[in-house]
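Student: Quick one: the structure is below, questions incoming.
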Amino acid sequence: MRADTMYETPRLTVRRFLPGDLQDVFEILSDPEVARYEFWEAYDLEAAREDLEIQGAVEPGTCGVWNEFAVQLKDGGRVIGNISFKMRDRVQLQAEIGFHFNRAFHGRGYGKEAAAGLIEYLWKLGAHRVWAVADTRNVNSWKMMEKLGMRREGCMIHNCFVKGEWCDEYLYAVLEEDWRGLRAGPVP
């Protein structure tokens, strides 16, 4: 495994961002459909470059900030998504996760594979609980969390104001003991 690699799955390498990832990252984050349920608008090239520089400087495992990684295909080297987490602190041991993928690669299980690997990575960092939120209209996102075995813990009504409107969000979470109970061993 390369020094910048966080973890690998059967089809993916999840690693720190590199300057050469700019075009792939821009393609993902400039897509209005990818940004649709986010606080941010579709990125321009300069915003993608800034995000890449910021994330490339974050030391993996740093609490209180988003740790974002490139999701790269093993057979072709293209970055097809990003996956991230934010650990509150070393006391609460709870991590929020998030993800964005190039729509050209949707429907192939890459998001689930990368997220399962991230959850395993977070257990190794000492996380007790992993959680995520999804806009209730973002069906692909919350269905993927259910496929991972995360439980829906609630629906937060008008929880966030995004692009001029109040939105509802589902909250999903999983504890390590529940995760292990769902699997005979680590998930690829």
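Throughout, read-outs are computed from the coordinates displayed, never taken from laboratory work. Keep in mind the model is a prediction, meaning the values are calculated, not measured. No Cβ is skipped: glycine too gets one built from the backbone with ideal geometry, and neighbour counts run over all protein chains shown.
Student: Can you find, within region 122-179, the residue that is nearest to A95 (Cα to Cα) among those that are under 15 Å from the mean Cα position of the chain (by Cα) and touching a residue at least 60 places away in the same chain (Cβ under 8 Å)?
Tutor: A134
Student: Considering F26, F17, which residue is surrounded by 15 or more Cβ atoms within 10 Å (Cβ to Cβ), touching a strand residue (DSSP E or B) at 6+ places or on another chain (Cβ under 6 Å), touching a residue at least 12 places away in the same chain (Cβ under 8 Å) and not polar (S, T, N, Q)? Full working, then the answer.
Tutor: Values: F26 fails: touching a strand residue (DSSP E or B) at 6+ places or on another chain (Cβ under 6 Å).
Of the residues listed, the single one that is surrounded by 15 or more Cβ atoms within 10 Å (Cβ to Cβ), touching a strand residue (DSSP E or B) at 6+ places or on another chain (Cβ under 6 Å), touching a residue at least 12 places away in the same chain (Cβ under 8 Å) and not polar (S, T, N, Q) is F17.
Student: In contact with a helix residue (DSSP H, G or I) (Cβ under 9 Å, 6 or more places away or on another chain) and farther than 24 Å from W179 by Cβ: does that describe E38? I'd like the intermediate steps shown before the answer.
Tutor: Details: in contact with a helix residue (DSSP H, G or I) (Cβ under 9 Å, 6 or more places away or on another chain): no; farther than 24 Å from W179 by Cβ: yes.
So E38 fails the test.
Student: Can you tell me which residue in region 85-105 is surrounded by the fewest Cβ atoms within 10 Å (Cβ to Cβ), limited to those that are among the polar types (S, T, N, Q) and under 18 Å from G126 (Cβ atoms)? Outline the logic, then answer.
Tutor: So in region 85-105, the residues among the polar types (S, T, N, Q) come out as 92, 94, 102.
Checking the rest, the ones that are also under 18 Å from G126 (Cβ atoms) come to 92, 94.
Values: Q92: 12, Q94: 16.
Only one residue fits best here, namely Q92.
Student: Quick check on my filter: what residues within region 1-45 are of a type in the set (D, E) and either under 30 Å from E169 (Cα atoms) or not in a helix (DSSP H, G or I) (or both)?
Tutor: Filtering region 1-45 down to residues of a type in the set (D, E) leaves 4, 8, 21, 24, 27, 31, 33, 38, 41, 44.
Scanning region 1-45 gives D4, E8, D24, E27, D31, E33, E38, E41, D44.
Student: Let me ask you something else. Please count how many residues of region 131-188 are part of a helix (DSSP H, G or I) and touching a helix residue (DSSP H, G or I) at 6+ places or on another chain (Cβ under 7 Å).
Tutor: Of all residues in region 131-188, those part of a helix (DSSP H, G or I) come to 139-148, 176-182.
Of the ones still in play, those that are also touching a helix residue (DSSP H, G or I) at 6+ places or on another chain (Cβ under 7 Å) are 144, 147-148, 176, 179.
Total satisfying the criteria: 5.
Student: Identify the single condition in (1) touching a residue at least 12 places away in the same chain (Cβ under 8 Å); (2) surrounded by 12 or more Cβ atoms within 10 Å (Cβ to Cβ); (3) under 17 Å from the mean Cα position of the chain (by Cα) that G64 does not satisfy, given that it satisfies every other one.
Tutor: Of (1) touching a residue at least 12 places away in the same chain (Cβ under 8 Å); (2) surrounded by 12 or more Cβ atoms within 10 Å (Cβ to Cβ); (3) under 17 Å from the mean Cα position of the chain (by Cα), only one is false for G64: (2).
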